[in-house]
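The next block holds one structure in the form of structure tokens; read it before the comments.
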Amino acid sequence: MPELPEMEIVARRLGAALPGETVESALAPGINALKTFDPPLHALEGRTFNGVRRRGKLLMLDLGELVVLTHLMSAGRIQLHPKRAGLRDRTSRLLLRLPGDRELRVREFGTKQAAWVKVLRAEDVDGDEAFDGLGPEAWPDPPPLRELLASPRPLHSLLRDQQVVAGIGRTWVDEILNIAKLSPFKRGDDLSDDEAETLRAAMTSELGRVIDVYEERVDLPLPEKFPKPTRVHAHQGEPCPQCGTLLEAVFYEDYVMSYCPHDQTEGRVLKDRRLSRLLK
Ligand SMILES: [Zn+2]
């Protein structure tokens, strides 16, 4: 699922390729993915890309007076294809056709239809509700975390809350907490100054490391599956990269939270939520 590092490399790659390109035609074959009707989608036709920006997990394609704002959610992808897709491709949500038979595609895989696209006037972008209350960027220079995370909620949930800090999701939160040697269930307001500083350093270094990996490995047309350099998330049963203890995991309905019991939970193996729910 695309989080800050994935969207950052998408913004960089599209930001290098799209400026100067003109939209020949715009189509939204996906049911309900397009959340706006004024300005209409066809208002993009004939417009030229100026640039591409990212904020949190949101992507903005600038086309002069108009901006395409998209959130890929958990299963969406955006790709610059050298060939046009057939309109019967059920994964397609938005197709911006470019000269030379190329196409910018927003696609979504899986059964949920959650990814969305908006066509906005440039002056309305900042006021769009997608940015309401969005927290500061998790990378490259987030504010001190002690105040930011001062809440009784657990770190795993706080760090993934885009209103608290923008950009982190289920994959990179596990890596960051492992590096910081903090329990996913530790309360945000229980962090000491040192722990908050360690967590901030882990966040910036890990997200930066992943972006560096993508810089080397990810190129256009942009992959359906990113070559994710994870070491902890979904690596339960494998040795912890810090200490070699076998990683454990808690399974939730649609995701897994992986951690090192030696470094993060003082030797405790956390309850399997999925199992305990079934046993009730
Ligand atoms: Zn460990």
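In this entry, residue 95 passes the filter for residues that are surrounded by 19 or more Cβ atoms within 10 Å (Cβ to Cβ) and away from the ligand (no atom under 16 Å from the Cβ).
Restricting the search to the range 14-36, which residues are out of contact with any strand residue (DSSP E or B) (no Cβ under 7 Å at 6 or more places or on another chain) and either buried (at least 21 other Cβ atoms within 10 Å of the Cβ) or at pLDDT below 95 (or both)? Steps first, please.
Kept after step one, since they are out of contact with any strand residue (DSSP E or B) (no Cβ under 7 Å at 6 or more places or on another chain), are these residues of the range 14-36: 16, 31-32.
Those that are out of contact with any strand residue (DSSP E or B) (no Cβ under 7 Å at 6 or more places or on another chain) and either buried (at least 21 other Cβ atoms within 10 Å of the Cβ) or at pLDDT below 95 (or both): 31, 32.
Could you tell me whether any residue of the range 27-42 is free of Cβ contacts under 8 Å to residues at least 40 places away in the same chain and either in contact with a helix residue (DSSP H, G or I) (Cβ under 8 Å, 6 or more places away or on another chain) or farther than 29 Å from residue 135 by Cα (or both)? Yes, the conditions are met somewhere in the range 27-42. Of the residues screened, residue 211 is not one that is in a helix (DSSP H, G or I) and within 16 Å of the ligand (Cβ to nearest atom). Inside the range 182-208, can you point out the residues that are in a helix (DSSP H, G or I), crowded, with 18+ Cβ neighbours inside 10 Å and in contact (Cβ under 8 Å) with a residue 60 or more places away in the chain? 203, 207 - these are the residues of the range 182-208 that are in a helix (DSSP H, G or I), crowded, with 18+ Cβ neighbours inside 10 Å and in contact (Cβ under 8 Å) with a residue 60 or more places away in the chain. Confirm whether residue 174 is closer than 28 Å to residue 76 by Cβ, within 16 Å of the ligand (Cβ to nearest atom) and not in a loop (DSSP other than H, G, I, E, B). So residue 174 fits the description; yes.
Taking each residue of the range 234-252 that is farther than 18 Å from residue 182 by Cβ and looking for partners that are near the ligand (Cβ under 7 Å from one of its atoms) and part of a loop (DSSP other than H, G, I, E, B) with beta-carbon atoms closer than 8 Å, six or more apart or interchain, yields 239/245; 246/240.
Give the residue that is surrounded by the most Cβ atoms within 10 Å (Cβ to Cβ), with candidates limited to residues of the range 48-71 that are more than 12 Å from the chain's Cα centre (by Cα) and outside any strand (DSSP E or B).
Restricting attention to the range 48-71, the residues satisfying the condition of being more than 12 Å from the chain's Cα centre (by Cα) are 48-53, 60-69.
The next check asks that each one be outside any strand (DSSP E or B); those that pass are 49-50, 64-65.
Values: 49: 23, 50: 16, 64: 10, 65: 12.
The qualifying residue surrounded by the most Cβ atoms within 10 Å (Cβ to Cβ) is 49.
Give the residue that is modelled with the lowest pLDDT, with candidates limited to residues of the range 72-97 that are assigned to a strand (DSSP E or B) and among the charged types (D, E, K, R). Among residues in the range 72-97 that are assigned to a strand (DSSP E or B) and among the charged types (D, E, K, R), the one modelled with the lowest pLDDT is 93.
Among the residues that make up the range 140-151, is at least one of them within 30 Å of residue 83 (Cβ to Cβ) and assigned to a loop (DSSP other than H, G, I, E, B)? No, the range 140-151 contains no residue that is within 30 Å of residue 83 (Cβ to Cβ) and assigned to a loop (DSSP other than H, G, I, E, B). Among the residues making up the range 214-224, those that are touching a residue at least 24 places away in the same chain (Cβ under 8 Å) and over 15 Å from the mean Cα position of the chain (by Cα) are 215, 218, 219, 220, 221.
Within the range 227-245, at least one residue is surrounded by fewer than 14 Cβ atoms within 10 Å (Cβ to Cβ), in a loop (DSSP other than H, G, I, E, B), of a type outside the set (Val, Ile, Thr) and more than 16 Å from the ligand (Cβ to nearest atom).
Can you spot a residue in the range 108-120 that is of a type in the set (Asp, Glu), in contact with a Phe, Trp or Tyr (Cβ under 9 Å, 6 or more places away or on another chain), crowded, with 21+ Cβ neighbours inside 10 Å and at negative phi? Checked against the condition, which is being of a type in the set (Asp, Glu), in contact with a Phe, Trp or Tyr (Cβ under 9 Å, 6 or more places away or on another chain), crowded, with 21+ Cβ neighbours inside 10 Å and at negative phi, the range 108-120 yields no hits at all.
Name the single residue, out of those in the range 214-226 being part of a loop (DSSP other than H, G, I, E, B) and not β-branched (Val, Ile, Thr), that is nearest to residue 262 (Cα to Cα). Walk me through how you get there before you give the answer.
The first filter runs over the range 214-226 and keeps only residues part of a loop (DSSP other than H, G, I, E, B), leaving 218-226.
Imposing the further condition that a residue be not β-branched (Val, Ile, Thr) reduces the set to 219-226.
Numbers: 219: 38, 220: 40, 221: 41, 222: 37, 223: 35, 224: 35, 225: 31, 226: 29 Å.
Filtering first and then ranking leaves 226.
Cβ separations smaller than 8 Å between residues 6+ apart or across chains give the following pairs from the range 156-181 residues that are free of Cβ contacts under 8 Å to residues at least 24 places away in the same chain to residues that are among the hydroxyl-bearing types (Ser, Thr, Tyr): 180/198. Is it true that some residue in the range 102-111 is under 24 Å from residue 10 (Cβ atoms) and touching an Asp or Glu at 6+ places or on another chain (Cβ under 7 Å)? No, because not a single residue in the range 102-111 is under 24 Å from residue 10 (Cβ atoms) and touching an Asp or Glu at 6+ places or on another chain (Cβ under 7 Å).
Would you tally the residues in the range 246-263 being within 13 Å of the ligand (Cβ to nearest atom) and either in a helix (DSSP H, G or I) or surrounded by fewer than 22 Cβ atoms within 10 Å (Cβ to Cβ) (or both)?
Applying the first criterion (within 13 Å of the ligand (Cβ to nearest atom)) to the range 246-263 yields 246-248, 258-263.
Now restrict to residues that are either in a helix (DSSP H, G or I) or surrounded by fewer than 22 Cβ atoms within 10 Å (Cβ to Cβ) (or both): 246, 248, 261-263.
Total satisfying the criteria: 5.
The values are calculated or read from the model by the stated rules, or taken from the named source; none is laboratory data. None of these values were measured; they are calculated from a predicted model. Virtual Cβ from ideal backbone geometry, glycine too; neighbours counted across all protein chains shown.
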